[in-house]
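Written out below as C-alpha coordinates is the structure these notes cover.
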Amino acid sequence: MTDNGQKLLEVRELTMDFGGLRAVDSVTLDVCDGEIVALIGPNGAGKTTFFNCVTGIYTPTRGEVVVHPPQKKQQKINGFKPNRVTTLGMARTFQNIRLFQNMTVLENVMIGRHCRTTTNILGAVLRGGKTRRQERETVDRSYNLLEKVGLAEFADEFAKNLPYGAQRRLEIARALATDPFLLLLDEPAAGMNPQETKALDELIVRIRDEEKKAILLIEHDMKLVMNISDRIYVMEYGKKIAQGSPQEIRSNPKVIEAYLGEETDA
(Lines give C-alpha, C1' and ligand atoms only; values in the text may rest on other atoms or scores of the structure.)
Protein backbone atom coordinates (compact mmCIF):
# COMPACT_ATOMS: atom_id res chain seq x y z
CA MET A 1 0.00 0.00 0.00
CA THR A 2 2.77 2.38 0.89
CA ASP A 3 6.53 2.51 0.69
CA ASN A 4 6.90 5.02 3.50
CA GLY A 5 4.69 3.67 6.28
CA GLN A 6 6.16 3.06 9.71
CA LYS A 7 8.35 -0.04 9.85
CA LEU A 8 6.76 -2.72 12.03
CA LEU A 9 9.21 -5.57 11.46
CA GLU A 10 12.87 -5.23 10.58
CA VAL A 11 14.89 -8.39 9.93
CA ARG A 12 18.61 -7.89 9.32
CA GLU A 13 21.03 -10.50 7.93
CA LEU A 14 19.06 -13.36 9.48
CA THR A 15 20.97 -16.64 9.38
CA MET A 16 19.92 -20.05 10.69
CA ASP A 17 22.20 -23.10 10.76
CA PHE A 18 21.22 -26.65 11.65
CA GLY A 19 24.51 -28.44 12.17
CA GLY A 20 26.32 -28.13 8.85
CA LEU A 21 23.21 -27.01 6.96
CA ARG A 22 22.54 -23.30 6.42
CA ALA A 23 18.75 -23.11 6.06
CA VAL A 24 18.53 -19.30 5.99
CA ASP A 25 21.49 -17.26 4.75
CA SER A 26 21.75 -13.54 5.62
CA VAL A 27 18.16 -12.60 4.72
CA THR A 28 17.04 -8.99 5.22
CA LEU A 29 13.34 -8.08 5.10
CA ASP A 30 11.02 -5.28 6.30
CA VAL A 31 7.28 -5.02 6.72
CA CYS A 32 5.66 -1.59 7.07
CA ASP A 33 2.32 -0.44 8.41
CA GLY A 34 -0.57 -1.11 6.00
CA GLU A 35 1.31 -3.57 3.80
CA ILE A 36 0.70 -7.09 2.57
CA VAL A 37 4.16 -8.59 1.99
CA ALA A 38 4.68 -12.06 0.49
CA LEU A 39 7.67 -14.37 0.92
CA ILE A 40 7.85 -16.89 -1.92
CA GLY A 41 10.24 -19.53 -3.19
CA PRO A 42 10.45 -23.23 -4.05
CA ASN A 43 9.94 -25.93 -1.43
CA GLY A 44 13.00 -26.10 0.80
CA ALA A 45 13.94 -22.46 0.17
CA GLY A 46 13.91 -21.73 3.92
CA LYS A 47 10.68 -19.72 4.15
CA THR A 48 9.10 -21.53 7.12
CA THR A 49 12.46 -21.62 8.92
CA PHE A 50 12.58 -17.84 8.45
CA PHE A 51 9.08 -17.55 9.98
CA ASN A 52 10.13 -19.80 12.87
CA CYS A 53 13.10 -17.53 13.61
CA VAL A 54 10.93 -14.41 13.53
CA THR A 55 8.23 -15.88 15.80
CA GLY A 56 10.48 -17.37 18.48
CA ILE A 57 10.31 -21.06 17.62
CA TYR A 58 14.00 -20.95 16.67
CA THR A 59 16.70 -18.59 17.90
CA PRO A 60 18.63 -17.50 14.80
CA THR A 61 22.33 -18.32 14.55
CA ARG A 62 22.98 -14.66 13.80
CA GLY A 63 21.24 -11.52 12.58
CA GLU A 64 18.60 -9.35 14.20
CA VAL A 65 14.82 -9.46 14.43
CA VAL A 66 13.48 -6.08 15.59
CA VAL A 67 9.82 -5.17 16.07
CA HIS A 68 8.42 -1.66 16.20
CA PRO A 69 5.04 -2.01 17.95
CA PRO A 70 2.85 1.06 17.27
CA GLN A 71 3.14 3.65 20.08
CA LYS A 72 5.80 1.55 21.83
CA LYS A 73 9.57 1.45 21.71
CA GLN A 74 11.31 -0.92 19.33
CA GLN A 75 12.57 -4.22 20.66
CA LYS A 76 15.05 -6.81 19.49
CA ILE A 77 13.27 -10.15 19.94
CA ASN A 78 15.95 -12.74 19.11
CA GLY A 79 15.59 -15.56 21.63
CA PHE A 80 12.13 -14.50 22.86
CA LYS A 81 9.72 -17.40 23.47
CA PRO A 82 6.75 -17.66 21.05
CA ASN A 83 4.19 -16.60 23.69
CA ARG A 84 6.20 -13.44 24.41
CA VAL A 85 6.40 -12.65 20.69
CA THR A 86 2.61 -13.03 20.49
CA THR A 87 2.10 -10.75 23.50
CA LEU A 88 4.28 -8.13 21.80
CA GLY A 89 1.87 -8.14 18.85
CA MET A 90 2.91 -10.70 16.22
CA ALA A 91 0.55 -13.62 15.58
CA ARG A 92 0.94 -16.46 13.10
CA THR A 93 -0.82 -19.40 11.53
CA PHE A 94 0.91 -22.65 10.51
CA GLN A 95 1.15 -24.76 7.36
CA ASN A 96 -0.51 -27.62 9.22
CA ILE A 97 -3.78 -26.67 10.87
CA ARG A 98 -3.33 -26.45 14.65
CA LEU A 99 -6.85 -26.02 15.99
CA PHE A 100 -8.28 -27.53 19.18
CA GLN A 101 -10.40 -30.01 17.26
CA ASN A 102 -12.65 -31.06 20.17
CA MET A 103 -13.45 -27.52 21.25
CA THR A 104 -16.06 -25.30 19.65
CA VAL A 105 -15.27 -22.76 16.98
CA LEU A 106 -15.98 -19.92 19.45
CA GLU A 107 -13.79 -21.49 22.16
CA ASN A 108 -10.89 -21.75 19.70
CA VAL A 109 -11.01 -17.99 19.13
CA MET A 110 -11.47 -17.25 22.84
CA ILE A 111 -8.19 -19.07 23.56
CA GLY A 112 -6.49 -16.50 21.34
CA ARG A 113 -7.75 -13.73 23.66
CA HIS A 114 -5.94 -15.27 26.64
CA CYS A 115 -2.78 -13.15 26.19
CA ARG A 116 -4.91 -9.96 26.34
CA THR A 117 -6.73 -10.69 29.61
CA THR A 118 -5.41 -9.96 33.10
CA THR A 119 -7.50 -12.31 35.21
CA ASN A 120 -5.42 -14.55 37.48
CA ILE A 121 -6.31 -17.94 39.01
CA LEU A 122 -7.80 -16.32 42.11
CA GLY A 123 -9.96 -14.02 40.00
CA ALA A 124 -11.20 -16.97 37.98
CA VAL A 125 -12.13 -18.86 41.17
CA LEU A 126 -13.83 -15.92 42.90
CA ARG A 127 -15.41 -14.67 39.65
CA GLY A 128 -15.49 -11.02 40.68
CA GLY A 129 -16.91 -8.20 38.58
CA LYS A 130 -13.66 -7.67 36.68
CA THR A 131 -13.43 -11.36 35.79
CA ARG A 132 -17.02 -11.52 34.56
CA ARG A 133 -16.54 -8.33 32.54
CA GLN A 134 -13.41 -9.71 30.87
CA GLU A 135 -15.18 -12.99 30.10
CA ARG A 136 -18.03 -11.09 28.46
CA GLU A 137 -15.60 -8.96 26.44
CA THR A 138 -13.72 -12.10 25.36
CA VAL A 139 -16.92 -13.76 24.12
CA ASP A 140 -18.08 -10.60 22.34
CA ARG A 141 -14.75 -9.94 20.64
CA SER A 142 -14.38 -13.60 19.63
CA TYR A 143 -17.87 -13.73 18.14
CA ASN A 144 -17.21 -10.47 16.30
CA LEU A 145 -14.08 -12.00 14.73
CA LEU A 146 -16.08 -15.07 13.66
CA GLU A 147 -18.50 -12.71 11.90
CA LYS A 148 -15.60 -11.05 10.12
CA VAL A 149 -14.24 -14.35 8.76
CA GLY A 150 -17.71 -15.66 7.89
CA LEU A 151 -17.94 -18.36 10.57
CA ALA A 152 -20.42 -16.92 13.08
CA GLU A 153 -23.07 -19.50 12.17
CA PHE A 154 -20.65 -22.27 13.23
CA ALA A 155 -19.79 -20.73 16.63
CA ASP A 156 -21.07 -23.72 18.65
CA GLU A 157 -19.85 -26.39 16.22
CA PHE A 158 -16.76 -28.47 17.05
CA ALA A 159 -13.73 -27.24 15.09
CA LYS A 160 -13.12 -30.75 13.70
CA ASN A 161 -16.50 -30.66 11.93
CA LEU A 162 -15.69 -27.58 9.83
CA PRO A 163 -14.79 -27.93 6.15
CA TYR A 164 -11.07 -27.54 5.44
CA GLY A 165 -11.25 -23.98 4.10
CA ALA A 166 -13.32 -22.90 7.10
CA GLN A 167 -10.73 -24.39 9.48
CA ARG A 168 -8.11 -22.24 7.77
CA ARG A 169 -10.26 -19.13 8.34
CA LEU A 170 -10.79 -20.14 11.96
CA GLU A 171 -7.01 -20.22 12.46
CA ILE A 172 -6.82 -16.68 11.12
CA ALA A 173 -9.62 -15.56 13.48
CA ARG A 174 -7.78 -17.09 16.44
CA ALA A 175 -4.58 -15.29 15.45
CA LEU A 176 -6.50 -12.01 15.14
CA ALA A 177 -7.92 -12.56 18.65
CA THR A 178 -4.45 -11.79 20.06
CA ASP A 179 -4.78 -8.21 18.71
CA PRO A 180 -1.60 -8.32 16.63
CA PHE A 181 -0.15 -5.38 14.73
CA LEU A 182 1.42 -7.92 12.34
CA LEU A 183 -0.16 -11.15 11.14
CA LEU A 184 2.09 -13.89 9.73
CA LEU A 185 0.35 -16.47 7.54
CA ASP A 186 2.23 -19.64 6.60
CA GLU A 187 0.68 -21.00 3.37
CA PRO A 188 -2.91 -20.00 4.22
CA ALA A 189 -4.23 -21.25 0.84
CA ALA A 190 -2.60 -24.70 1.07
CA GLY A 191 -5.12 -27.41 0.19
CA MET A 192 -7.88 -24.96 -0.76
CA ASN A 193 -9.96 -25.18 -3.91
CA PRO A 194 -10.15 -22.12 -6.24
CA GLN A 195 -13.40 -20.87 -4.70
CA GLU A 196 -11.98 -21.08 -1.15
CA THR A 197 -8.76 -19.39 -2.31
CA LYS A 198 -10.70 -16.48 -3.83
CA ALA A 199 -12.61 -16.02 -0.55
CA LEU A 200 -9.30 -16.11 1.34
CA ASP A 201 -7.80 -13.53 -1.02
CA GLU A 202 -10.70 -11.17 -0.21
CA LEU A 203 -10.47 -11.91 3.53
CA ILE A 204 -6.75 -11.07 3.73
CA VAL A 205 -7.29 -7.73 1.98
CA ARG A 206 -10.23 -6.98 4.31
CA ILE A 207 -8.10 -7.73 7.38
CA ARG A 208 -5.51 -5.26 6.10
CA ASP A 209 -8.07 -2.57 5.26
CA GLU A 210 -10.70 -2.95 8.02
CA GLU A 211 -8.68 -4.37 10.91
CA LYS A 212 -5.64 -2.23 10.03
CA LYS A 213 -3.24 -5.16 10.24
CA ALA A 214 -0.01 -5.53 8.31
CA ILE A 215 0.43 -9.04 6.88
CA LEU A 216 3.46 -11.15 5.99
CA LEU A 217 2.61 -14.36 4.19
CA ILE A 218 4.32 -17.41 2.73
CA GLU A 219 2.32 -18.76 -0.18
CA HIS A 220 2.68 -21.04 -3.21
CA ASP A 221 -0.50 -19.86 -4.94
CA MET A 222 0.99 -17.32 -7.35
CA LYS A 223 -2.34 -15.92 -8.42
CA LEU A 224 -3.18 -15.03 -4.81
CA VAL A 225 0.32 -13.60 -4.21
CA MET A 226 0.24 -11.41 -7.32
CA ASN A 227 -3.33 -10.25 -6.61
CA ILE A 228 -2.91 -9.02 -3.06
CA SER A 229 0.77 -8.31 -2.31
CA ASP A 230 2.22 -4.82 -2.14
CA ARG A 231 5.77 -6.19 -2.12
CA ILE A 232 7.27 -9.65 -2.63
CA TYR A 233 10.51 -11.21 -1.41
CA VAL A 234 11.86 -14.31 -3.14
CA MET A 235 14.08 -16.95 -1.51
CA GLU A 236 15.99 -19.84 -3.04
CA TYR A 237 18.33 -22.21 -1.16
CA GLY A 238 18.10 -20.06 1.96
CA LYS A 239 19.12 -16.81 0.24
CA LYS A 240 17.04 -13.83 -0.82
CA ILE A 241 17.35 -13.59 -4.61
CA ALA A 242 14.86 -10.79 -5.37
CA GLN A 243 12.44 -8.27 -3.92
CA GLY A 244 10.01 -5.80 -5.43
CA SER A 245 6.45 -5.16 -6.54
CA PRO A 246 4.40 -7.98 -8.11
CA GLN A 247 5.12 -6.48 -11.54
CA GLU A 248 8.87 -6.41 -10.90
CA ILE A 249 8.90 -9.97 -9.54
CA ARG A 250 6.79 -11.30 -12.40
CA SER A 251 9.36 -10.09 -14.93
CA ASN A 252 12.55 -10.80 -12.92
CA PRO A 253 14.63 -13.37 -14.89
CA LYS A 254 16.18 -14.82 -11.69
CA VAL A 255 12.73 -15.43 -10.24
CA ILE A 256 11.33 -16.92 -13.43
CA GLU A 257 14.27 -19.31 -13.58
CA ALA A 258 14.11 -20.23 -9.89
CA TYR A 259 10.44 -20.53 -9.29
CA LEU A 260 7.69 -18.99 -11.34
CA GLY A 261 8.29 -20.48 -14.78
CA GLU A 262 5.11 -20.71 -16.82
CA GLU A 263 3.02 -19.60 -13.86
CA THR A 264 3.93 -15.99 -14.63
CA ASP A 265 1.25 -16.16 -17.32
CA ALA A 266 -1.42 -17.36 -14.88
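The values are calculated or read from the model by the stated rules, or taken from the named source; none is laboratory data. Quick caveat: nothing in here was measured; it's all calculated off a predicted structure. With ideal geometry, Cβ positions are generated from the backbone for all residues, glycine too; neighbour counts draw on all protein chains shown.
Listed values, structure above:
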{"item": "Wholly enclosed helices (runs of 4 or more DSSP H) of the stretch 160-243 bearing at least 3 residues under 15 Å from the mean Cα position of the chain (by Cα) and among the basic types (Lys, Arg)", "result": "164-176"}
{"item": "Check on residue 207, of a type outside the set (Phe, Trp, Tyr), under 27 Å from residue 53 (Cβ atoms) and assigned by TED's automatic domain parsing to the domain that holds residue 72", "result": "yes"}
{"item": "Number of positions in the stretch 6-42 that are without any contact (Cβ under 8 Å) to a residue 40 or more places away in the chain and closer than 17 Å to residue 232 by Cα", "result": "1"}
{"item": "Unmet criterion (only one of (1) modelled with pLDDT under 95; (2) in contact with an Asp or Glu (Cβ under 8 Å, 6 or more places away or on another chain); (3) charged (D, E, K, R)) for residue 84", "result": "(2)"}
{"item": "Count of the stretch 164-182 residues which are in contact with a helix residue (DSSP H, G or I) (Cβ under 6 Å, 6 or more places away or on another chain) and under 13 Å from residue 208 (Cβ atoms)", "result": "1"}
{"item": "Any hit, the stretch 156-168, residues being buried (at least 22 other Cβ atoms within 10 Å of the Cβ) and under 30 Å from residue 254 (Cβ atoms)", "result": "no"}
